[in-house]
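Undergrad: The structure is given below, and queries will be raised subsequently.
The values are calculated or read from the model by the stated rules, or taken from the named source; none is laboratory data. Please read all numbers here as calculations on a predicted model, not as lab measurements. Glycine also receives a Cβ, built like all others from the backbone with ideal geometry; neighbour counts cover every protein chain displayed. SASA here: full protein model, heavy atoms, side chains in, ligands and nucleic acids out. Shrake-Rupley method; radii C 1.70, N 1.55, O 1.52, S 1.80 Å.
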Amino acid sequence: VEGYTGGSLTLGDIILMFQFVRGDTVPTVTREEVVLRIGLVHEDRLLSDQVFRGHEPVTIGHDRKDTISLPADEYKGAAATFKPTAGGGGKFHVVLPKEATGMRLAIDGMPMEAAEAIQKKVATQVGDTLTFDLPVKSRGRASLGPYTLLFQVVKQTLTVPTMPRRSLLSQLAGP
């Protein structure tokens, strides 16, 4: 019966149906969450590509306490920060320091330079820093010294195993 996944057998008036299933299959559930994906490029080489959950703040700078720490001899500027917005909804509030150059954004598929983003009121310049909100399905890039920072907010689908729930009767009868 190894070549079959199931079948039936007739015994007089009784029809016996059978099916072979793997006993090690585990029920799963699919979850969707908003994540921040950050890539770091140096000299045309991708150094890192990391995914951060939608509730974690992320900083990129030269300090040890930063989430992604750049070498202090190559980048001495302030940290770029990505904080989840208070209302949720999968948006990140981004603050790029004055040292960030060559910033480009693509929100809702429309790419724009920093000056155009300020003109369209997508981004605001407060002092020397550039701030904007990054919604789901948007991306951008900026240079921090010799490093190019690539960022995007996406929905990630995760399939995780779940423990099968027993019926109430089997839970009571179990002990």
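Undergrad: Excluding ligands, DNA and RNA, what is the solvent-accessible area per residue of segment 106-169 at a probe of 1.4 Å, expressed in Å²?
TA: With the other protein chains kept in place, segment 106-169 gives 64 Å² per residue.
Undergrad: Using a probe of 1.4 angstrom, how much of the accessible area of segment 47-175 is carbon and sulfur, in percent?
TA: 54
Undergrad: Match the structure shown to one of the listed values (1) 20.0; (2) 12.0; (3) 9.0 of mean projected area of the Cα convex hull in nm², computed from it, and give that label.
TA: Label of the calculated value: (1).
Undergrad: Could you pull out the GluC sites (Glu not before Pro) across segment 26-108 that fall in loop regions by DSSP (anything but H, G, I, E, B) with no more than 13 other Cβ atoms inside 10 Å?
TA: 43, 74
Undergrad: Using label points projected 7 Å from each Cα along Cα→Cβ, tell me how many nm separate residue 55 and residue 154, to one decimal.
TA: Result: 2.3 nm between the two label points.
Undergrad: Starting from the Cα of residue 155, draw a straight line to each of the lysines and keep only those under 28 Å, dropping any in the same chain fewer than 8 residues away.
TA: Of all the lysines, those that pass the test against residue 155 - Cα under 28 Å, at least 8 places apart if same chain - are 65, 83, 91, 120, 121, 137.
Undergrad: To the nearest 500 deg cm²/dmol, what mean residue ellipticity at 222 nm is calculated for the chain from DSSP H runs of n ≥ 4 alone, each contributing -39,500 (n - 2.57), summed and divided by the residues?
TA: After summing the helix terms and dividing by residue count, I get -1500 deg cm²/dmol.
Undergrad: Just to confirm my numbers, what's the Cα centroid distance between segment 46-112 and segment 115-146 in Å?
TA: Each part reduced to its Cα centre gives a spacing of 11 Å.
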